Amino acid sequence: MEVTNLLTRNLGRRYSEILGINLRKDDDGEIFKWFLASVLFGAPISETSVIRTYRCFERRGVLTPEKILKTGWHGLVEILDEGGYARYDFKTSDKLLEVMSNLIAKHEGSLSLLHEQALSSSDLEKSLKDLGKGIGEVTVSILLRELRELWKKADPKPTPLVILAAKNLDLIRGKSPERSLRELKEFWRKNKVVGKTFTNFETALLRLGKDFCRKGRCKQCVVRGFCSVATLA
């Protein structure tokens, strides 16, 4: 279907791919890098600022739970400020230290082990949230969306922005996130694009909702012709 092709090819690039994180192999180090990035993406801050901040962690080699703890609160604030994360620097430093301490204490510092120990998709999400009060629905959804093809229990519900974009394109009718996920999976099954995955499709809908639908940027939207609510605004 043309709309699926337009979406995935123009807006579907994975965030992990942009950051150079390889999630196509079962490597706990790469998975942790994506976890760190997901925590950063979970704040209401621009995509550009998050990417820049992650690069600061990368340049300093602060990409493991142990190194984050060793860097300490002041060191983390410095990295976050350097990346342009100043508005959330104190809060995020607190969050990172709490989460890393719990990840090491409860799961030997391994997210792969956390996944193995989870009894179900819902239990996996609960275990992630239990790492710290700063890990909420948004961060969990960001993390698990790109791990669908790697972790069997990774099956997050679509976020409100994904649902907004999908409804504007008349791809779904469900009122609950659970039904919306089923409808999106079925739509993708019938309209998949060669060389792309459901993750690319979901990521494209997220960007569509965040950068276009929510902001009323209909004129610049690549799928404006398929939208049921598009305006000339």
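Just a few scattered comments:
- Local electrostatic count at Ser176 - Lys and Arg +1, Asp and Glu -1, tallied over other residues with Cβ under 12 Å: +3
- Take every Cα pair under 8 Å whose residues are at least 6 apart in sequence, average their separation, divide by the length of the stretch 73-138, and the relative contact order is 25 percent.
- Between the beta carbons of Ser121 and Glu186, assuming R0 = 25 Å, the FRET efficiency works out to 0.90 to the nearest 0.05.
- Prolate/oblate/rounded call for the stretch 116-161, Cα gyration tensor, a/c under 1.5 rounded: oblate
- The relative contact order of the stretch 122-168 comes to 28 percent, based on Cα pairs under 8 Å that sit 6 or more residues apart.
- Rounded if a/c under 1.5, otherwise prolate or oblate - the stretch 24-145, Cα gyration tensor axes: prolate
- Among His115, His107, His74, residue whose mean-square fluctuation peaks in a GNM of the chain (springs only between Cα atoms under 10 Å): His74
- Projecting label points 7 angstrom from Cα along Cα→Cβ for Val229 and Glu58 puts them 3.5 nm apart.
- Extension gain from Lys129 to Asn10, taking 0.36 nm per residue of separation minus the Cα-Cα distance: 39.6 nm
- Prolate/oblate/rounded label for the stretch 18-73 (Cα gyration tensor, a/c 1.5): oblate
- Per-residue extension of 0.36 nm, minus the Cα-Cα distance of Lys25 and Val194, leaves a gain of 58.8 nm for this segment.
- Pairs of Cα atoms nearer than 8 Å and 6+ residues apart set the relative contact order; for the stretch 1-140 it is 21 percent.
All of the numbers you see were taken from the coordinates with simple rules; none came from a lab. For clarity, every value in this text was computed on a predicted model and none was experimentally measured. Note: ideal-geometry Cβ built from the backbone for every residue, glycine included; neighbour counts use all protein chains shown.
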